[in-house]
Amino acid sequence: MLWKQLSEPFHYEKILQSSDFEKKITKKKARANDTKTTLGIIWRMLTLQKGLFFFVLFLVVISSALALAGPVLIGRVIDDYIVARKLNGLSTILFMLIAVYIVYSLSSWLQNIIMIGIAQRTVLSLRTKLFSHLHKLPIAFFDKRQQGELMSRVTNDIENVSSTLNSSVIQVFSSTLTLIGTLSVMLYLSPLLALITMIIIPVMFLGMRWITSRTGKLFQKQQQSLGELNGVIEESISGQTIIKAFSAESKVNEQFLDKVEKLKLTGFWSQTYSGMIPKLMNVLNNASFAIIAGVGGIFALKGWITIGVIVIFVEFARQFTRPLNDLANQFNTLLSAIAGAERVFEILNTEEEGIDERNKDVLRDVKGEVSFQNVSFSYEEEGSTLRHITFTAKPGDTVALVGPTGAGKTTIINLLSRFYNYNEGVITIDGVDVTSVTRASVRKQMAFVLQESFLFQGTIEENIRYGRLEASEDEIIEAAKLANAHSFIERLPNGYQTMLNNGGSGLSQGQRQLLAIARAILANPIILILDEATSSIDTITELHIQQALKRLMKGRTSFVIAHRLNTIREADQIIVLQNGSIIERGLHRELVQQAGFYHDLVEASLQN
C-alpha cells in the first residue's frame, strides 16, 4: 500500500484552487519576498499527502529517540559492566545496542525514501502549476521579460525547491527533536554540567545571526543573476544567425562575461558567508568537548557524576552540536530554496489574463463584421499608440492596414484579438463588444499568418493539425493542397511524417509560410489576420502564397498588414495609418488619385 501511494501520480488541484492558497498566491499586494508566506504555501502543499507525510514524521520521532537511546546504553555499559568489571548481562545490553542502531538505520532509510517521493510529487505539482499559469498570462507579461529568465524560474528555481524538500524537511524535524531530547537528557543526568555546556549557545546564535543576515540577500541576488545569465544564453543561441551575420560574437561574449561576473561575485560571497557556518560550528563543537572533558573530569573526581555520564555527555555534546550544524547547513539550502520559490510565486502572483471574465458569455454564430469606434490605446501610461481609430469591416471584406513602421498597424490587430485591452472607445464583432465576451471565444474565430511562421518540434502533419486538433488526416492533406504545400511535402523523405526541428530549420521561409497557411485553412476561421505574410518571400514563391491566400481569404473577413502594395491592391478598404491615426482610407485607385501619403507609397514602391 505504501509503495503504491509512492508510485501513483498525485495532483494538487485542491490546494491550488483553495481560497487560502489563492489568497496567498494571487493576491495583488502579496509580497514576492515574503518568506513566511512562501514557507506557509510549501508547507500546505506538503501536508496534502497527510498520510505519508505524518508517517515520515513518525519515523523521524522513532529515529531521533533511538539516536538518544544509543549513548545512554553505552553509558550503562561503562558504569554497570566495564567499571564494575561485571560480565553477567553484558551480552543482552550489547544486543539491545545493536538492535537500536539497526532499527535507527532502517527508519532513517525509509523516511528518506518516502520523503523523496513526497518532495518530487510536490515539485511536479508546483512546476505544472507554474507552466499552466504561464499560458494564462497576458502577452504584455512576456513582452517585458526575457525568455531565458522565465525558463530559469521553471527549471533552476524549482529545482532548488526540489533539492531542499528532498533533504531539508526531514533534517529540520530530526535536528529539532534531537536537540530537545539531548538537552532534556543532559539536564536530567547533570543539570550543572549541562548548563555549563550550554555556554556555547549564545555565541552560536550571535554568529548565526550575523552570517544569515547577509546570506539571505546574497542568495536572492544569486538566483536573480542566474536568471539574467540564462536570458543572455537563450538569446545568443536563438539569435546565432544574426550574431554571425553582423560579426557580433565579441559583443555577445562581453554581455555573457558581464552576467557571469555578477553571478561569480554573488556566488562567491553567498558561499563564503554560508561556509562560515560549519567552521563556526566545528569550533564550538571542539569547545564543548573541552568544557565537558575539563569540568566533567573535576565532577567525576568529586564523585558528583560517573565516568559513564561523562561518556554520555561527550556523545550528547556531539549530538547536540551536530543538529545545530545540520540546521545551520540546511538553513543555507533553505535560503536558496526560498529565494527560488519566491521567484516562482512572483509569477503565480501575476493576475491571469481571463480572471476578469469568469462570468462572461462566449461569442457565437459569428458572421464577421468588425467595427472600431473611436478606439485609443497606449502601451505605456504616458503617450498614445493609437488615437481615435474608427472603421468598419463588413463580413467577407478585406481590410488592408498600411503605413510606416510604428504607425499602429500591428497594435490594431493586438486589440482586435484582445492581446491588449484598449483604453477608450469600443471594438465589436457582429455588434458584440469584444470585452463583454471571453477572449478564448474571440480568438477562436480567428486565424493568424504572421511574417515569422512559427513551427513546433514534431511532424509536418502535427504542425498543420495545430490549427484544429481534431482534424482528420484527409482534412490535413486537403488543407495542404489548398495552401499549395502538398507538392513540396510529398517530395520530402517521409512526407507528412517528416520531423521538424528547431522551428522548421530544414525548410525554406516560403515552405514554412505555406505550412502556416495550411494551418490557418484547417482552422477555418471567420476572421483572418495576415501580418506581413509575404514580406520575406521571393517573387515566384510569393505567387504560390498569393494563390493560397486568395483561397484562404475567400468569404472571410481579412485584415492584411503589408509593405508590398501589390498584395493589397484588391482590398475592399485600405486604411493608411501614421503616428497612430488614420490619415487616409478608401480603395486603391481612389487613394492613388488623391495624391496623398498612399500615392507617395505607391510611387516609391514602383521606383523600387
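Within region 579-596, the only residue that satisfies the criterion of being outside any strand (DSSP E or B), in contact (Cβ under 8 Å) with a residue 60 or more places away in the chain and either more than 47 Å from the chain's Cα centre (by Cα) or surrounded by fewer than 17 Cβ atoms within 10 Å (Cβ to Cβ) (or both) is Asn579.
Got at least one residue in region 198-208 being modelled with pLDDT under 75, open to solvent by 40 Å² or more (accessible area, probe 1.4 Å) and touching a helix residue (DSSP H, G or I) at 6+ places or on another chain (Cβ under 9 Å)? Yes, because at least one residue in region 198-208 is modelled with pLDDT under 75, open to solvent by 40 Å² or more (accessible area, probe 1.4 Å) and touching a helix residue (DSSP H, G or I) at 6+ places or on another chain (Cβ under 9 Å).
Counting only residues that are in a loop (DSSP other than H, G, I, E, B) and either free of Cβ contacts under 8 Å to residues at least 40 places away in the same chain or of a type in the set (Gly, Ala, Ser) (or both), region 477-506 holds 10 of them.
Quick check: is even one residue across region 94-105 part of a helix (DSSP H, G or I), of a type in the set (Gly, Ala, Ser) and at pLDDT 80 or above? Yes, some residue in region 94-105 is part of a helix (DSSP H, G or I), of a type in the set (Gly, Ala, Ser) and at pLDDT 80 or above. Put simply, of Ala400, Ala407 the only residue that is part of a loop (DSSP other than H, G, I, E, B) and either at pLDDT 90 or above or open to solvent by less than 10 Å² (accessible area, probe 1.4 Å) (or both) is Ala407.
Take Ile476 and tell me if it is farther than 24 Å from Lys367 by Cα and touching a Lys or Arg at 6+ places or on another chain (Cβ under 7 Å). Judged against the criteria, Ile476 is a match. Of the residues contained in region 136-149, one or more are found to be among the charged types (D, E, K, R), at pLDDT below 85, under 24 Å from Thr164 (Cβ atoms) and touching a helix residue (DSSP H, G or I) at 6+ places or on another chain (Cβ under 9 Å). Looking across Tyr379, Tyr420, one residue alone is open to solvent by 50 Å² or more (accessible area, probe 1.4 Å) and of a type in the set (Ser, Thr, Tyr). It is Tyr379. Restricting attention to region 89-111, the residues that are within 39 Å of the chain's Cα centre (by Cα) and surrounded by fewer than 16 Cβ atoms within 10 Å (Cβ to Cβ) total 3.
Within region 122-138, being more than 19 Å from Tyr420 (Cβ to Cβ) and crowded, with 17+ Cβ neighbours inside 10 Å holds for Thr122, Val123, Ser125, Leu126, Arg127, Lys129, Leu130, His133. Against the list (1) open to solvent by 20 Å² or more (accessible area, probe 1.4 Å); (2) modelled with pLDDT of 85 or more, the condition Tyr81 fails is (2).
Only one of the numbered conditions (1) crowded, with 19+ Cβ neighbours inside 10 Å; (2) at pLDDT 80 or above is not met by Ser152, and that is (2).
The values are calculated or read from the model by the stated rules, or taken from the named source; none is laboratory data. Computed from a predicted model, the values in this text were never measured in an experiment. As a convention, Cβ positions derive from the backbone with ideal geometry for all residues, glycine included, and neighbour counts pool all protein chains shown. Accessible surface areas use protein heavy atoms only, side chains included; no ligands, DNA or RNA. Shrake-Rupley method; radii C 1.70, N 1.55, O 1.52, S 1.80 Å.
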